[in-house]
Amino acid sequence: MRKNLLAFPVTAVLLLLSLAGATFAHHGIASWFDMSRKATVKGTVTGFDWTNPHSYIYLDAKDEKGAVEKWTAEMGSVGMLVRAGWRRSTLKPGDEITLVGKPAKDGKPRMILDKVVFSNGQELATSDVPAPSAEGPPELRPKE
């Protein structure tokens, strides 16, 4: 009987630990993208996946030699994008845009997107949360 009493807590702990690892791995953006660099890519939208848990923009851009490079820009959830002003109709194939984001560490044409700049100059961020300032949060900056 005593063995059975220990089996349940041990099983529960092992299950929780296995789920925590999967969650950490899924949200390990810094392990896939170089958060210290910024990439800017100009091109033509070929697709826009308005999906959860992540949305994607697919873009054809020309490299330095004029060859077409197929880029993928990953964004957050539909809910996060809606709060930032995005709609399912924000992008359509053929739109000329500029992607600004953090490039993939492995050098592949992929990024975690910070914002889109449209051909008319309008910018649309992928989050309604302001990006952190290099000087830190306002309450910790030196008073002038």
Out of region 72-130, which residues are more than 15 Å from THR51 (Cα to Cα) and small (Gly, Ala, Ser)? ALA84, GLY85, GLY94, GLY101, ALA104, GLY107, SER119, GLY121, ALA125, SER127
Given the options SER127, SER89, name the one that is in contact with a helix residue (DSSP H, G or I) (Cβ under 9 Å, 6 or more places away or on another chain) and in a loop (DSSP other than H, G, I, E, B). SER127
Residues of region 82-108 being out of contact with any Leu (no Cβ under 9 Å at 6 or more places or on another chain), over 13 Å from TRP32 (Cβ atoms) and not β-branched (Val, Ile, Thr), which ones? ARG83, ARG88, SER89, LEU91, LYS92, PRO93, GLY94, ASP95, GLU96
I'm told TRP32 meets every condition in (1) at pLDDT below 95; (2) over 23 Å from ASP106 (Cα atoms) except one. Can you identify the failing condition by its number? (2)
Could you check region 58-115 and list, in sequence order, the residues that are exposed (fewer than 12 other Cβ atoms within 10 Å of the Cβ) and either small (Gly, Ala, Ser) or in contact with a Gly (Cβ under 7 Å, 6 or more places away or on another chain) (or both)? GLY66, ALA67, GLY79, GLY85, SER89, PRO93, GLY94, GLY107
A careful count of residues in region 37-74 that are of a type in the set (Val, Ile, Thr), in contact with a Pro (Cβ under 7 Å, 6 or more places away or on another chain) and part of a loop (DSSP other than H, G, I, E, B) gives 0
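The values are calculated or read from the model by the stated rules, or taken from the named source; none is laboratory data. All figures in this text were calculated on a predicted structure; none of them were measured in a lab. Virtual Cβ from ideal backbone geometry, glycine too; neighbours counted across all protein chains shown.
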